[in-house]
Amino acid sequence: MCYPEQALVSHSVSIRLNLPAAALPDTSMPEPQVPSSDESVDASANDVDVALMLRVGDGDETAFEELIERHQKAIIGTVAKMLGNASDAEDIAQQVFIRLWKSAPRYQPTAKFTTFLYTITRNLVFNESRRRSRKKEHSFDERQDDFHLQTPDPQTASPDDEILNNELQHAIDQAIANLPEKQRLAVILRRYEGMPYDEIGRVLELTIPAVKSQLFRARNILRDALQNYLDH
C-alpha cells in the first residue's frame, strides 16, 4: 500500500522552515544533566511514536499523519542545516516520510523511533550531498541566500550592528556547511536536536568514542574557522 503523495506534499509544506539564528556551537558541549522527569517524558514520547509506527505498519493513515505532525519540523530543520537550502529540505523531508511509510510493515522497535527516523534521514541527506558534490553544486555561495538565517530588523539595529551580525552569521553558516558530512550531522544532532552520544552513534553507525572524536574534530575545525570572531 502506498500513501497518497498529495497528502505527503500537503503535510511537508504545511510548516515553513523558520530556523532560529544560528549560534556558535559550544566548544565544551558537556553532557546535559537530564532530570528523571525529562527521561520519563522522553520515554513516553518514544512509546507514543512506536505505537503510532506499529499502526502505520498495519496501513493506518491517520497514525502516519500524526507521526508527520510530530516530527516534520525537526526533520526539515535537520535537512536544511545539512544541505543549506530550506526549499530543498522540504523535498528531502517528503522523501524521508515516504520511506518511513514504505518501511513501516517491516519495522521492529529494537531502538528508539527517532534513531530509526534519523537513520533514514542520514541516508537521504548523505546521498544528496554526494550527488551535489559530483555535480559541483555544493557551493556555499550559491546556497547562502536560502540558508542564511534571521538578520536584525533595520529599524531596530544600527547599520554597524547589522553588518557585524551578518558577517558573523555568514561565517558560522559557512563553517558548519564546510564540515565533513559525518561531523556536520553529529554537530547538528548534538547541538540542535540535543541527541545523546549513544543515539548519535546508532544514527551514524559509530561507537560512542568515535562520535566524541567526530565532535572533537568538528569543534576544532569550527574554532579555527571562527577564531577571528572568538578573539573579539
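The values are calculated or read from the model by the stated rules, or taken from the named source; none is laboratory data. Here the structure is a predicted model, which is why all the values come from computation and not from measurement. Cβ coordinates were reconstructed from backbone atoms using ideal geometry, including for glycine residues, and neighbour counts include every protein chain displayed.
Things worth noting here:
- Residues being of a type in the set (Val, Ile, Thr) and at pLDDT 95 or above - total across the stretch 96-110: 2
- Residue count, the stretch 50-103 (criterion: farther than 19 Å from Leu124 by Cβ and outside any helix (DSSP H, G or I)): 3
- Only residues that are in a loop (DSSP other than H, G, I, E, B) and crowded, with 17+ Cβ neighbours inside 10 Å were counted across the stretch 197-210, and they come to 1.
- Single unsatisfied condition, Asn220 versus (1) more than 20 Å from the chain's Cα centre (by Cα); (2) in a loop (DSSP other than H, G, I, E, B): (2)
- Checking each residue in the stretch 106-116 for being in a helix (DSSP H, G or I) and either in the same structural domain as Ala175 (by TED's automatic domain parsing) or out of contact with any Asp or Glu (no Cβ under 8 Å at 6 or more places or on another chain) (or both) picks out Arg106, Phe116.
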